[in-house]
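Okay, structure first, notes after.
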Amino acid sequence: MRERLDWGSDGRDWPNRQTSRFIQAAGLVWHVQQFLDAGDDAPLILLLHGTGSSSHSWRDVAPLLAQHYRVLVPDLPGHAFTAMPSPSSEQSLPGMARRVEQLLEGLQVAPTLIVGHSAGAAIGARMLLDGRVRAAALVSLNGAFVGFGGLAGALFSPLAKLLATGTMAARLFARQAQDEAFVGRLVRGTGSILDETGERLYARLLQCPAHVRAALAMMAHWDLAALERALPQLQLPVWLVGAGNDLTVPATQVAQVAALLPQARQVLWPLLGHLAHEEHPAQCVALLRQVLDVVAPR
């Protein structure tokens, strides 16, 4: 069992590998996928994955969007092939938001639309509230705004937070993830049903102690109370998508968050789970195109 993922071996069949770049920014080496064929004048979409996930979760969404838009898909700090910051307290919501902002500055790009899944939606909101990134809209897919979400929310007990600064918990979990049935149960525990490729890629991530440690560190340092208080200041359109079968971030939270936002739109996908954009990428892309037709018509 390797401590970290290796691009030469673990990335050999990574989805959309031809778009991958390794970029130094914010004191880290990032793995970023860039889809730029739509041209310099096309709107740019930033896709942010959730806790414990990676760029692979957008494997079917990004190429479909790239037919009409530019798309940027990073692995968040410590996840998959992006380096982990030091100290681990930098995995806090403000810390991660700041580093993604610095990545965008390093790339000299500004997103038209920020799309975040689960904890990625919270990062997107924090970036916009901090004012260093401006976008026309934010789309939250099963966003974790008022309770910890993301795949890790279904994987680890709250007691795991106590072990986030060590290595033993991550190694023990990664060892358990060697069992394919174990990983399958974890994924289904989110309320989603993935294909064989999706489960195999999650297994690869969860078998990596460094990746698991990054997710644990996020849990240990994630405080959404300040974000919840600040949400009324988010003065741009926000689409809030909830999934009826989501067992990680209940769809009932959509109305709770919408009440805090000046320009909220609510969307329900009744038959999907927490990983809805992986289950039905075409449905996700259709929504994002509708959003861009409203906020950035071409």
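The values are calculated or read from the model by the stated rules, or taken from the named source; none is laboratory data. Only a predicted model underlies this, so the values are computations on that prediction, with no experimental measurement involved. A quick note on method: Cβ atoms are made from the backbone with ideal geometry, for glycine too, and the neighbour counts reach across all protein chains shown.
List, please: which pairs have Cβ atoms under 6 Å, are six or more places apart or on different chains, and start with a residue in the range 81-104 that is over 14 Å from HIS31 (Cα atoms) and at pLDDT 95 or above and end with one that is part of a helix (DSSP H, G or I) and not β-branched (Val, Ile, Thr)?
Close Cβ pairs (under 6 Å, with a partner that is part of a helix (DSSP H, G or I) and not β-branched (Val, Ile, Thr)) amount to ALA97/ARG126; ALA97/MET127; GLU101/MET127.
Go through the range 26-40 residue by residue and tally those that are farther than 12 Å from PRO74 by Cβ and buried (at least 16 other Cβ atoms within 10 Å of the Cβ). Can you show your working first?
Step one: list which residues in the range 26-40 are farther than 12 Å from PRO74 by Cβ, which gives 27, 35-40.
From what is left, the residues that are buried (at least 16 other Cβ atoms within 10 Å of the Cβ) are 35, 38.
Here the count works out to 2.
When you scan the range 213-271, how many residues do you find that are under 18 Å from the mean Cα position of the chain (by Cα) and among the aromatic types (Phe, Trp, Tyr)?
Looking only at that region, the number is 2.
Given the criterion assigned to a loop (DSSP other than H, G, I, E, B), in contact with a helix residue (DSSP H, G or I) (Cβ under 9 Å, 6 or more places away or on another chain) and closer than 25 Å to GLN283 by Cβ, identify the matching residue among GLY124, GLY143.
GLY143
Does the range 246-260 include one or more residues that are closer than 27 Å to PRO43 by Cα, of a type in the set (Gly, Ala, Ser) and in contact (Cβ under 8 Å) with a residue 60 or more places away in the chain?
So far as the range 246-260 goes, no, none of its residues is closer than 27 Å to PRO43 by Cα, of a type in the set (Gly, Ala, Ser) and in contact (Cβ under 8 Å) with a residue 60 or more places away in the chain.
For the list (1) surrounded by fewer than 21 Cβ atoms within 10 Å (Cβ to Cβ); (2) of a type outside the set (S, T, N, Q); (3) at pLDDT 95 or above; (4) in contact with a helix residue (DSSP H, G or I) (Cβ under 6 Å, 6 or more places away or on another chain), I need the number of the one condition that LEU201 fails.
Condition not satisfied by LEU201: (1).
Being closer than 21 Å to VAL249 by Cα and in contact with a helix residue (DSSP H, G or I) (Cβ under 6 Å, 6 or more places away or on another chain) is the filter; apply it to the range 95-116 and report the residue that is surrounded by the most Cβ atoms within 10 Å (Cβ to Cβ).
Per the stated criteria, the residue is ILE114.
For the range 238-277, give me the residue count where each residue is under 14 Å from GLU228 (Cα atoms) and in a loop (DSSP other than H, G, I, E, B).
Qualifying residue count for the region: 4.
I'd like the residue in the range 1-20 that is within 18 Å of the chain's Cα centre (by Cα) and part of a loop (DSSP other than H, G, I, E, B) and, out of all such residues, is farthest from ARG171 (Cα to Cα).
ASN16
If we scan the range 252-260, do we find a residue that is exposed (fewer than 14 other Cβ atoms within 10 Å of the Cβ) and at pLDDT below 95?
yes
Say whether the condition of being crowded, with 24+ Cβ neighbours inside 10 Å, more than 12 Å from the chain's Cα centre (by Cα) and among the hydrophobic types (A, V, I, L, M, F, W, C) is met by at least one residue in the range 118-127.
yes
From the list ILE45, ILE23, exactly one residue is part of a strand (DSSP E or B), in contact with a strand residue (DSSP E or B) (Cβ under 9 Å, 6 or more places away or on another chain), aliphatic (A, V, I, L, M) and crowded, with 19+ Cβ neighbours inside 10 Å. Which is it? If you could, list the steps in order and put the result at the bottom.
Working: ILE23 fails: crowded, with 19+ Cβ neighbours inside 10 Å.
Selected residue: ILE45, the only one of ILE45, ILE23 that is part of a strand (DSSP E or B), in contact with a strand residue (DSSP E or B) (Cβ under 9 Å, 6 or more places away or on another chain), aliphatic (A, V, I, L, M) and crowded, with 19+ Cβ neighbours inside 10 Å.
Which residues, taken from the range 178-198, are surrounded by 14 or more Cβ atoms within 10 Å (Cβ to Cβ) and part of a loop (DSSP other than H, G, I, E, B)?
Result: GLY189, THR190, GLY191, SER192, ILE193, LEU194.
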